[in-house]
Amino acid sequence: MQERPLSGSHKSSSRKLGFVGEEVMRTYTKDDIIQIVEEEDVEFIRLQFTDMLGTLKNIAITASQLPKALEHACTFDGSCMEGFIWLEEEDMYLHPDPSTFEIFPWRPQQGKVARLLCDVYKCDGTPFESDSRQILKRTIKRAQEKGYTMEVGSECEFFLFHMDEEGNPTTVTHECAGYFDIDPMDFGENTRRDIVLTLEEMGFVIESSHHEVAPAQHELAPIYTTTNIATDHNQLTMEIMQKVAARHGLVCLLHEKPFAGVNGSGKHNNWSISTDTGVNLLSPGETPYENAQFLLFLCAVIKAVDDYQDLLRLSVATAGNDHRLGANEAPPAVVSMFLGDELNGVLEAIEKDIPYEGAEKTQMKLGVDVLPKFNRDTTDRNRTSPFAFTGNKFEFRMLGSSNSIACANMMLNSAVAESLKIYADRLEKAENFEETLHAMIRKTIKDHKRIIFNGNGYDDAWIKEATEKRGLMNYPSTPDCMPHLLDEKNVRMLTSHKVFSKAELESRCEIMLENYCKTIVIEANTMVDMVKREIIPAVEAYAMELARTASAKKRVDETLACRYESGLIKKLSTLTDQMAVRTDALETALIELQDVKDIVAQSYQIRDTVLTRMQELRIACDEAETVTAKKYWPFPTYGDLLFSVK
């Protein structure tokens, strides 16, 4: 283990994080951190933690308070935090993790600012149940006790838009670049480069960055590392993207679907499982034994995804991500797995006890003496698949760009751990290991092959097949999936692995639904305000101009028909009436919602009524936009927003 020298610059000693086995971990002591703060003229330290929703929070302290904080004596009032409301206590204690100490390179070099990520503890010294960081640690610890390590690399997509002259964010960009385009079309290249350099200055390793498909959309791809470190890095990466973008006069937008009909932003969670010595258990091997091992762990993941598809869906559920899933290169809300043709053929041969039609026609038995070698699948990953095998890892593509990756990996790790536990119990009792292994893998394939789908996930025919023929779950919205967190099988599995208590699951379900409801209500009220105060007056003003124009023409020549003006006035008046009626309907729905006290019922009413009213109102507004003169329309059009069409 390499110690950080306590002389020279902090920057030169930053650790570089890569694959397990290549990682050099920093081992700061409390005294080390205090000394670095003195040497580097650090004046403020941010003690950072996350709420239940994965939102990064912090308390800023001065350097003089650092010794106190390092002794776990720094408290905060958790009574107003999401997931931190407990009637019997309000004060929470922050326990800084010394390995997360970083000096922010974008802050002034005199009076620097640093950060420490913290775990949250209760007054009695026990870990706080709602602390996402510690929940994730528990899932990792369970795996490590069995000799496994889960690694993650989270590719982050985001939009870059301009700020106005007063420094307020807009949704306007002046670029028209597409996938992998470069300067001069890619105006965000300098910002993206500075984000990468800032991350590397802090010790992160970014494998690549590029312009994404949509205008003003970008992606960063870090090299993956152990799940807890990757989660910490992802939290800081989102903060750095926003800080660096602001330096360039831009705003980094992490909303999943800011524009209808245009690619939204996701977060692709590349996940694998290895031994504690760094052997990737999802990599097809060079020997029959290694392939038997690979197939065992592959089937464990297949079983986990099928058994707990509801947990995977709800782990990525937000109001914004609900809009994104199902189109424009985002996977559908129905969870399925892509394995590719070759690997699918291997599993089919095992299930049916037929020859494997690969490079060599060989019977697929799992005894170590007869199992043949087979190659990794070379087909491109299916971009419509929520959970795609990519050669030696899985890419979980359902996460939204604003999501913390903590919840998704909690659920995925726990589900896989449950599969491995079941397998271990069976194999440990087996009289004939090879026969039991073969029968168990064959049964897993037969019982769970419904979750495997290599086709087009956007096709309506697939959704029908998935739900009606295969019996897969289809939860398009957060209200559809979130209550299933409390299903008996889910509570039993998560509590048995000591990831959550039942009370914590109940709290998490309620808070996630409450956040969903608040978000939609804010958006609906904003929509009402936009239509009543800006869109309807703008359309009315344009109609009045047309009326004055027609009247002026008639005064010149009474025989003029003025069909253009008359027809457009009639259409605008009809649309104005539609917008007024639909705005009233939306307002009524919001008023009625206030009488619903149960949070699950409230979320259902939002799904069934409020969102429907919002969509109906949007249709009328979109049509009005197409026939209203540009100088009257109060908001940027899609051409203005994305393509700078003037």
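Checked against (1) among the polar types (S, T, N, Q); (2) farther than 28 Å from Gln144 by Cβ; (3) assigned to a helix (DSSP H, G or I); (4) under 23 Å from the mean Cα position of the chain (by Cα), Ser507 passes all but condition (2).
Among the residues making up the stretch 455-465, those that are at pLDDT 90 or above and crowded, with 16+ Cβ neighbours inside 10 Å are Trp462, Ile463, Glu465. The single condition among (1) of a type in the set (S, T, N, Q); (2) open to solvent by 30 Å² or more (accessible area, probe 1.4 Å); (3) within 22 Å of Pro332 (Cα to Cα); (4) assigned to a helix (DSSP H, G or I) that Thr436 does not satisfy is (3).
Residue count for the stretch 102-159, restricted to those that are open to solvent by 30 Å² or more (accessible area, probe 1.4 Å), among the hydrophobic types (A, V, I, L, M, F, W, C) and either in a strand (DSSP E or B) or out of contact with any strand residue (DSSP E or B) (no Cβ under 8 Å at 6 or more places or on another chain) (or both): 1.
Within the stretch 45-77, the set of residues being part of a strand (DSSP E or B), among the hydrophobic types (A, V, I, L, M, F, W, C) and either surrounded by fewer than 16 Cβ atoms within 10 Å (Cβ to Cβ) or in contact (Cβ under 8 Å) with a residue 24 or more places away in the chain (or both) comprises Ile45, Leu47, Phe49, Leu56, Ile59, Ala60, Cys74.
Would you list the helices (runs of 4 or more DSSP H) that sit entirely within the stretch 558-629 and hold 1 or more residues that are in contact with an Asp or Glu (Cβ under 6 Å, 6 or more places away or on another chain)? Helices (runs of 4 or more DSSP H) meeting the threshold: 563-593, 599-605.
Apart from one condition, Ile441 fits all of (1) touching a helix residue (DSSP H, G or I) at 6+ places or on another chain (Cβ under 8 Å); (2) among the hydrophobic types (A, V, I, L, M, F, W, C); (3) open to solvent by 10 Å² or more (accessible area, probe 1.4 Å); (4) farther than 30 Å from Arg607 by Cα; the exception is (3). Take the conditions open to solvent by less than 10 Å² (accessible area, probe 1.4 Å) and in contact with a Gly (Cβ under 7 Å, 6 or more places away or on another chain) and apply them to Lys257. Does it pass? When the stated conditions are applied, Lys257 does not pass them. Which residues, counting only those in the stretch 205-226, are in a loop (DSSP other than H, G, I, E, B) and not charged (D, E, K, R)? Listed by number, the residues that qualify are Val205, Val213, Ala214, Pro215, Ala216, Ile223, Tyr224. There is no residue in the stretch 325-337 that is open to solvent by less than 30 Å² (accessible area, probe 1.4 Å), modelled with pLDDT of 85 or more, assigned to a helix (DSSP H, G or I) and in contact with a helix residue (DSSP H, G or I) (Cβ under 8 Å, 6 or more places away or on another chain). Restricting attention to the stretch 491-531, the residues being in contact (Cβ under 8 Å) with a residue 60 or more places away in the chain and either open to solvent by 70 Å² or more (accessible area, probe 1.4 Å) or within 20 Å of Thr609 (Cα to Cα) (or both) number 18. Against the test of being part of a helix (DSSP H, G or I), in contact with a Pro (Cβ under 6 Å, 6 or more places away or on another chain), surrounded by 13 or more Cβ atoms within 10 Å (Cβ to Cβ) and not small (Gly, Ala, Ser), the options Glu540, Glu545, Glu534 yield a single qualifying residue, Glu534.
The values are calculated or read from the model by the stated rules, or taken from the named source; none is laboratory data. Keep in mind that this is a model prediction, so the values were computed, not measured. Neighbour counts are summed over all protein chains in view; Cβ atoms, including those assigned to glycine, are modelled from backbone coordinates with ideal geometry. Surface accessibility is based on the protein's heavy atoms, side chains included, excluding ligands, DNA and RNA. Shrake-Rupley method; radii C 1.70, N 1.55, O 1.52, S 1.80 Å.
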